[in-house]
Amino acid sequence: MATAPALGAAGHPAAAEIPSPGDGMDVESALAAAMVAVVVGAAFAMLMVVMRSLLRKATSLQSEMAAVV
């Protein structure tokens, strides 16, 4: 799925040389923000898969109930 490329893109700041004026907190915050974006994106993708399956089941049950009534 798209999680592996997203993790690769999120891990890139760990290996890249990002110039920072001070103690390197810019690199750590960029890495943390990228990882948070990956986690949120993966959670959203899983939520959409679950919601799609629930919608499919609800549609099926609605047609069965219409046949009963």
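The values are calculated or read from the model by the stated rules, or taken from the named source; none is laboratory data. Note that the coordinates shown come from a computational prediction; the quantities given were computed from them, not determined experimentally. Quick reminder, even Gly has a Cβ in these numbers, built from the backbone with ideal geometry, and neighbours come from all protein chains shown. These area figures cover heavy atoms from the full protein model, side chains too; ligands, DNA and RNA do not enter into them. Shrake-Rupley method; radii C 1.70, N 1.55, O 1.52, S 1.80 Å.
The table for this structure:
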quantity: Filter result for the condition that a residue is at pLDDT below 85, among the small types (Gly, Ala, Ser) and over 25 Å from the mean Cα position of the chain (by Cα), over Ala16, Ala32, Ala9, Ala66; calculated: Ala66
quantity: Residue that is closer than 20 Å to Pro5 by Cβ, out of contact with any helix residue (DSSP H, G or I) (no Cβ under 9 Å at 6 or more places or on another chain) and open to solvent by less than 60 Å² (accessible area, probe 1.4 Å), where the choices are Ala30, Ala43, Ala34; calculated: Ala43
quantity: Residue that is farthest from Ala4 (Cα to Cα) [pool: residues in the stretch 51-63 that are of a type in the set (A, V, I, L, M) and at pLDDT 90 or above]; calculated: Ala58
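Conditions tested, residue by residue: (1) under 19 Å from the mean Cα position of the chain (by Cα); (2) closer than 15 Å to Ala9 by Cα; (3) in a helix (DSSP H, G or I); (4) at pLDDT below 85.
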{"site": "Pro21", "(1), (2), (3), (4)": "no, no, no, yes"}
{"site": "Val36", "(1), (2), (3), (4)": "yes, yes, yes, no"}
{"site": "Phe44", "(1), (2), (3), (4)": "yes, no, yes, no"}
{"site": "Val49", "(1), (2), (3), (4)": "yes, no, yes, no"}
